[in-house]
Amino acid sequence: MSLLDVTGLRVRSAGGRDLVRDLSFTIGPGERLGLIGESGSGKSLTALAVMGLLPSGMTASGSVVLDAPGTGPSEVVGAPERRLNGLRGRAVSVVFQEPLTALDPLMRVGRQLAEPIRRRRRLRGAALRAAVAAALQEVRIAEPGRVARAYPHEISGGQRQRVAIAMALACEPALLIADEPTTALDVTVQAEVLALLGGLVTARGMALLFIGHDLAVVSGITDRVLVLKDGEAVESGTVREIVDAPRHPYTRSLVAGARHLDSALDWTNR
Amino acid sequence: MRPAMRVAASSPKAPVPEAPAADAPARSRWSATLVAGCVLAGLVVAVAALSLLWLPYAPDDTSGDRLMPPGAEHLLGTDKLGRDLLTQLMIGARIALTVGAGSVLLGGVLGLLAGLAAGFATRWLDDTVSALLDILIAFPTLLLAMLIVAVRSASLGSAILAIGLGMSAIVARLTRVLVKRVLAQDFVTASRTSGTSWPRVVTEHVLPNIWPTLLVNLALQLGLAVLAEASLSYLGLGPPPPNASWGRMLQEAQATVLTAPVGAVAPGVLLVVLVIGVNLIADGLRDVADPTRRRTR
């Protein structure tokens, strides 16, 4: 039984253009799928469609079935807001690309993080504060007390993304969607955050839908990859298959690009 | 094949840069502009408060000589009907503040509600509200005031109603844009992905984020409302006598401005003091209300 079952998903803009066409994939419990493609290929829209959070004017058709423990199987496309609100957080939650805009600039970090914890675990007062500190420690934030009291602009980009990850994990979802969570970070921080994300997802037995444009990053954290181009899936398979024997020209150029960087680094290391 | 990992591995592990700040001593929440504004506006508020307790003469007391210069008997002199100028000035302060506060309250509440509705609305409802607001804003406040006075007769309430209605359109348009901008932010989507309901999104994220800008705008609107009340009174559309208003004092002193300048200068000076004070408060509030500006200055 799969956790997320997307069949024939189509996302149409207000102008009647198809932004995502006939997309199908499934994610089982604990599985990790990478969604890779260039910007504008419909990666992020797919993630939003899975949550029923498409921008106003856009419409989804096809079928998106979420079947998380505790919520039962439910169809997302066309579901009423009330039903969706029960699914969001419990079944799925998201880590966004830009950690600065993903946090409310006028709310202290601790309070933002407390919100999902309060809702999910029904904690209050001292217990809630302790849970916030524990959540911050879990994402390896060195001074949880100071960070909890800070506003988002007062902490570093890497710390902000760690906080965003902590917020998404605090919902204890069955499926975590990571929408280019490391693109806005510099390379060393990127590697740390990826390792952290991978470790936490494994530790909690969550499924992961990882969205990215960098094959090296996506292949490092997922088992299977789906390659999107102009809103259509052009290729899918295990990371090994895609890297060793890419069939579609776009996938080949992705692999070649990653290899090129790799060999360039080898050359400079020599 | 993991090039990205390799990059990380090949470079020395740099510690994540830590931003200082949260434990730095919090800067004083009072800026110099705010203090200056409060002093100036406070002066007028004090005069208005005093007028409730004590007045040198009754507002309709015409026992003094006409157009007396400032002296011991009448501190600021008298007007052309022999009424004490200080008395009128003090009542005028009360009227200016009442109309200012009343219209900001009316315009603020109406504008915020309409703006929130328009901000959340999509398609036809948003278009309708926006078109209505544009018409209201294009409609001159003075004309609106004349219409209201024609229907309800000139009074304190009519002035508040006219200025407040005109203001509500401006506040609503600002609120609509602010709400739309906040709703487009990732943190609203992020909050909704964790299952936060709409009412909670409004109270937790939308209102706190639009509040600083809205508050500054309302303070500016208060200054404009005071000026608008003076204009209405100058034209005879304000509260009728014996409620002295600065606008009407200016109008009455117009003919004798060269022989008895105090009658025109005194209300003019107080008007400027109040408006500058309120504008300085607005400026100071902007610095205080925004945490990113609070520490970087």
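Output the residues belonging to the range B:80-96 that are surrounded by 22 or more Cβ atoms within 10 Å (Cβ to Cβ), out of contact with any strand residue (DSSP E or B) (no Cβ under 9 Å at 6 or more places or on another chain) and not in a loop (DSSP other than H, G, I, E, B).
The answer is B:Thr87, B:Gln88, B:Leu89, B:Met90, B:Ile91, B:Gly92, B:Ala93, B:Ile95, B:Ala96.
For A:Ala79, only one of the following conditions fails: (1) touching a Pro at 6+ places or on another chain (Cβ under 8 Å); (2) among the aliphatic types (A, V, I, L, M); (3) surrounded by fewer than 17 Cβ atoms within 10 Å (Cβ to Cβ). What is its number?
A:Ala79 satisfies all of (1) touching a Pro at 6+ places or on another chain (Cβ under 8 Å); (2) among the aliphatic types (A, V, I, L, M); (3) surrounded by fewer than 17 Cβ atoms within 10 Å (Cβ to Cβ) except (1).
Filter the range A:45-98 down to the residues that are in contact with a Gly (Cβ under 7 Å, 6 or more places away or on another chain) and either more than 12 Å from every other protein chain (Cβ to nearest Cβ) or free of Cβ contacts under 8 Å to residues at least 12 places away in the same chain (or both) and list them by number.
The answer is A:Gly62, A:Ser63, A:Val76, A:Val77, A:Ala79, A:Asn85.
Could you please find all residues in the range B:201-235 being closer than 18 Å to B:Gly268 by Cβ and out of contact with any Leu (no Cβ under 9 Å at 6 or more places or on another chain)?
Matches in the range B:201-235: B:Leu224, B:Ala225, B:Glu229.
Is it fair to say A:Arg140 is within 14 Å of another protein chain (Cβ to nearest Cβ) and modelled with pLDDT under 90?
Answer is yes for this residue.
Name the residues in the range B:158-197 that are within 15 Å of A:Pro116 (Cα to Cα) and within 8 Å of chain A (Cβ to nearest Cβ), would you?
Selection gives B:Phe187, B:Thr189, B:Ala190, B:Ser191, B:Arg192, B:Thr193, B:Ser194, B:Gly195, B:Thr196, B:Ser197.
Can you tell me which residues in the range A:143-164 are among the polar types (S, T, N, Q) and within 9 Å of chain B (Cβ to nearest Cβ)?
A:Ser156, A:Gln159
Can you pull out every residue in the range A:104-134 that is away from chain B (no Cβ under 13 Å) and of a type in the set (A, V, I, L, M, F, W, C)?
Residues satisfying the conditions are A:Leu123, A:Ala126, A:Ala127, A:Leu128, A:Ala130, A:Ala131, A:Val132, A:Ala133, A:Ala134.
Among (1) out of contact with any Lys or Arg (no Cβ under 6 Å at 6 or more places or on another chain); (2) within 21 Å of A:Pro173 (Cα to Cα); (3) surrounded by fewer than 16 Cβ atoms within 10 Å (Cβ to Cβ), which single condition is A:Val109 missing?
(3)
Which residues, taken from the range A:236-261, are farther than 21 Å from A:Phe25 by Cβ and in contact (Cβ under 8 Å) with a residue 12 or more places away in the chain?
Scanning the range A:236-261 gives A:Gly257, A:Ala258, A:Leu261.
So for the range B:209-220 (the condition being free of Cβ contacts under 8 Å to residues at least 60 places away in the same chain, closer than 30 Å to A:Gln97 by Cα and crowded, with 21+ Cβ neighbours inside 10 Å), does at least one residue qualify?
Yes: one or more hits.
Restricting the range A:196-216 to residues that are under 14 Å from the mean Cα position of the chain (by Cα) and among the small types (Gly, Ala, Ser), which is surrounded by the fewest Cβ atoms within 10 Å (Cβ to Cβ)?
Of everything passing the filter in the range A:196-216, A:Gly198 is surrounded by the fewest Cβ atoms within 10 Å (Cβ to Cβ).
State all residues of the range B:49-66 that are over 30 Å from the mean Cα position of the chain (by Cα) and either β-branched (Val, Ile, Thr) or buried (at least 18 other Cβ atoms within 10 Å of the Cβ) (or both); if no residue qualifies, say none.
Scanning the range B:49-66 gives B:Tyr57, B:Thr62, B:Gly64.
The values are calculated or read from the model by the stated rules, or taken from the named source; none is laboratory data. What you see is a predicted model; the values in this text were computed from it and never measured. Using ideal geometry, Cβ is built from the backbone for each residue, glycine included, and neighbour counts are taken over all protein chains shown.
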